[in-house]
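Have a look at the structure below before the remarks.
The values are calculated or read from the model by the stated rules, or taken from the named source; none is laboratory data. The shown structure was predicted, so the numbers you read here are calculated from the model rather than taken from an experiment. As a convention, Cβ positions derive from the backbone with ideal geometry for all residues, glycine included, and neighbour counts pool all protein chains shown. SASA here: full protein model, heavy atoms, side chains in, ligands and nucleic acids out. Shrake-Rupley method; radii C 1.70, N 1.55, O 1.52, S 1.80 Å.
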Amino acid sequence: MNHRKLHHNSTTQNQNQNEQIPAASIPKTCGNQLYHFLWFSLIATCIKLLLIPAYHSTDFEVHRNWLALTHSLPLSQWYSDETSPWTLDYPPFFAYFEYFLSFFASMLDPTIVHLSDGLNSKSHLTILFQRVSVTLSDAVLFYGIYRITRKLDPKQKYLIWVLAVWAPGLIIVDHLHFQYNGFLLGMLLISLSALENGEDLLGGFAFAVLLCFKHLFAVAAPVYFVYLLRHYCRGGLVKGFGRLVVMGSLVVAVFAAAYGPFVYNGQIHQVLRRMFPFGRGLCHAYWAPNFWVFYIMFDKLLAFLLVKMGFHVKAPTASFTGGLVGDSSPFAVLPTITPLISLVLVLLSISPCLLKAWRDPKPSAVTRLVAYAYSCGFMFGWHVHEKASLHFVIPLAIIALKSVEDAKHYFFLSIVSCYSLFPLLYEAQEYPIKVLLLLLHAALMWFGLSSYFGAYVPKGDERSHSSAVVRNADFVIGWFGKSYLMGMVVVEICGQFLHPVVLGNKLPFLPLMMISIYSGFGMMYSWIRQLRWIIGSI
C-alpha cells in the first residue's frame, strides 16, 4: 500500500491535502461513507436477527411486564403496580417508550400486553416482537456512532465502526441476555458528539433526555455540569449567567416533561422509591468485576484466618447479592458498606476528572472524561451490574485511535469486558456463540489496529486537531497484556471444563467467582490507567 510521504511542515501537508480533494467531491465522499456505514449496520442487524431464537434472561419478562402495565393501567398506577415481582424501576421516558411499543405489541398479540394472562409469556410472537424491538431501536446507536465519527478520515471511521457497531458486549447483553442498552448508548454518543463539535446546548439537552430514560447514566452528571459551566457559560458574568439560565431552563423543561405527570398525580415519591431501591445488595448476583469483589473476598479471607486462629467471628446473616429489594449486605470482619459510602467513593474517584474539566474544558477531551466517570461508577458504585461496563467501553472505542497507547488500552479493556459478561449466558447452546463473538472481535481488533498504527499515527492526541502524519508506530501488546490474556484462557478452561470433572456439583459458585475476580484485576488496571492519564493531564 502506498502512503503519503511524511512532511515536517503540517501546514504544507494540509494544503496539499486540500489541493488533492476538490470541494465538489466532498458531498460524494460523504455519501459513499454513509453508504458504507449502512452496510456495517446491516451486517450487525442480520447477526442480531439470527439470534432471535437464542437464550434470553428474566429481563425479557421484565420488559414484557412493563409493556403490559403501561398499556393496561393508567399512568398514576405505573410505579405502584405489583402484579409481577418485576416492577417498573426505570425513569418515566423509558416508561413512555414501553407505552409506545405496547401499541404495536397489542396489534401483534393482545396477550403480550395483558397484565395477568401475559405473565411469563414465551410465545413465538412475544419473542419475535421483543427481539425485533431491540434490534430496531439500535438505529439510535448507529446514528450516534455515525455522528461522532463523521469528521474523521475514512480509515479511522471504518475501524471505529468495527469496534463500536460490531461490539460483542452489546450483542451479548441486548440481543441474547436481552436489554435495551444500544439506543441508550446511542443517545450518549449523540450528546458527546455535540459537545465535541461545540454544540453545548444540544449536548446538554441530549444528556438530560438520556437521564430521563435511564438514571444510572447520572454518574457522569458532575462532569457534564462542570464542563458546561466552564465551556458553555463563559464570556463574562452577564453573558455567562444568561447562558446558565438558558441551559438550566432547557434541562428543567426536559425533567418537567418526564416527571411532571407523576407530580401532578401525586406519584413522584413512588417513582423515586422505585428508581432508587437501596435495599438491594452491594453487589449484583453475578458480582460485577469491580472493587467490591476484592473487598468481599478480603473480608471472607480475614474471617477464615481469624476462625483458624481461635477467634469467634459471626457469620453474615444476609447475601451480598440481591436482584429484588431486601436487606443490605453485612460483612463478617470489615465495615459494612452502605449506599452513602459507595456514593462518596464514586464522587472522590471522579474528583480528578472534575478538576480537569474545570481547568481545561476542551471539547476534544470530553469523551475521555465521561468514560472515566463511568469507570468510577462501575468500580465503586452500589449494586453495579456487570453490563454497566458498556457505559465506558463504547465511548472508549470512539477514542481508541487517538494514540497507540489508547488502542492498546481499548484492546485489553474490551476483551476483559466481553469476557466478564460470559456468565450472563450460562446455557450450553450459547457457549460457542459467546466464544466466537469474543474471538472474532479480538481478531478484528488485532489486525485492524496493527494495520492502522503500522501505517501512521494521527498527530497530537487531544493537544492537536491536526491529522498530519508524524511517525510510524507499532501496535504491540506487552508482556503484561499477553500474560493476563493467557491467564484468562486458563481461568476459562478451569471453570468451564476442569471444574465439572474434578469437583462435579461441589462449589458451583467457583467458576463465576473466578471470572469476577480475574476480570476485576483487568478492570482495576484499566481504571488506574485512565486515572493516571487524567492526573497527568491536569
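Below are the figures for this structure:
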quantity	calculated
Residue in the stretch 151-159 that is at pLDDT below 95 and under 21 Å from Ala206 (Cβ atoms) present	yes
Pairs where the first residue, in the stretch 216-242, is farther than 30 Å from Phe94 by Cβ and the second is open to solvent by 40 Å² or more (accessible area, probe 1.4 Å) and in a helix (DSSP H, G or I), C-beta under 9 Å, 6+ apart	Arg230/Trp358; Arg230/Arg359; Arg234/Arg243; Gly235/Arg243; Gly240/Leu229
Flag if Ile534 is open to solvent by 40 Å² or more (accessible area, probe 1.4 Å), of a type in the set (Val, Ile, Thr) and under 24 Å from the mean Cα position of the chain (by Cα)	no
Count of residues meeting criterion [charged (D, E, K, R), in a helix (DSSP H, G or I) and either surrounded by fewer than 12 Cβ atoms within 10 Å (Cβ to Cβ) or in contact with a Cys (Cβ under 6 Å, 6 or more places away or on another chain) (or both)] in the stretch 474-493	1
Restricting the stretch 270-283 to residues that are open to solvent by less than 30 Å² (accessible area, probe 1.4 Å) and under 25 Å from Ser417 (Cα atoms), the residue that is modelled with the lowest pLDDT	Gly281
Scope the stretch 29-46; condition of a type in the set (A, V, I, L, M, F, W, C), in contact with a helix residue (DSSP H, G or I) (Cβ under 9 Å, 6 or more places away or on another chain) and loosely packed, with under 15 Cβ neighbours inside 10 Å; matching residues	Leu34, Leu38, Ile43
Inter-residue pairs, beta-carbon under 8 Å, first touching a residue at least 24 places away in the same chain (Cβ under 8 Å) and in the stretch 130-159, second open to solvent by 20 Å² or more (accessible area, probe 1.4 Å) and among the basic types (Lys, Arg), 6+ apart	Lys157/Arg150
Residue match in the stretch 255-263 (condition: among the small types (Gly, Ala, Ser), within 26 Å of Asp59 (Cβ to Cβ) and surrounded by 15 or more Cβ atoms within 10 Å (Cβ to Cβ))	yes
Candidates Leu498, Leu503 - the one that is touching a helix residue (DSSP H, G or I) at 6+ places or on another chain (Cβ under 9 Å) and surrounded by fewer than 19 Cβ atoms within 10 Å (Cβ to Cβ)	Leu503
Hits in the stretch 158-168 - residues which are under 17 Å from Val393 (Cα atoms) and assigned to a helix (DSSP H, G or I)	Leu159, Ile160, Trp161, Val162, Leu163, Ala164, Val165, Pro168
Members of the stretch 89-110 found to be in contact with a Lys or Arg (Cβ under 8 Å, 6 or more places away or on another chain) and modelled with pLDDT of 95 or more, listed by number	Tyr90, Pro91, Phe94
Members of the stretch 184-205 found to be aliphatic (A, V, I, L, M) and either at pLDDT below 95 or within 19 Å of Asp360 (Cβ to Cβ) (or both), listed by number	Leu192, Leu195
Single residue of the stretch 288-327 satisfying the filter (open to solvent by 30 Å² or more (accessible area, probe 1.4 Å) and of a type in the set (S, T, N, Q)) that is modelled with the lowest pLDDT	Thr321
Filtered residue count, the stretch 169-198, keeping only those that are assigned to a helix (DSSP H, G or I), under 12 Å from the mean Cα position of the chain (by Cα) and not acidic (Asp, Glu)	12
Within the stretch 50-99, considering residues that are of a type in the set (Asp, Glu) and touching a residue at least 40 places away in the same chain (Cβ under 8 Å), the one surrounded by the most Cβ atoms within 10 Å (Cβ to Cβ)	Glu61
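Here's the yes/no breakdown for (1) open to solvent by less than 60 Å² (accessible area, probe 1.4 Å); (2) closer than 19 Å to Leu184 by Cα:
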{"site": "His114", "(1), (2)": "no, no"}
{"site": "Ile127", "(1), (2)": "yes, no"}
{"site": "Ile148", "(1), (2)": "yes, yes"}
{"site": "Lys157", "(1), (2)": "yes, no"}
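Per-residue answers, yes or no, for (1) surrounded by fewer than 22 Cβ atoms within 10 Å (Cβ to Cβ); (2) closer than 20 Å to Leu272 by Cβ:
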residue: Ile171; (1), (2): no, no
residue: Asp174; (1), (2): no, no
residue: Gly182; (1), (2): no, no
residue: Leu185; (1), (2): no, no
residue: Ser193; (1), (2): no, no
residue: Glu199; (1), (2): yes, no
residue: Lys214; (1), (2): yes, yes
residue: Val219; (1), (2): no, yes
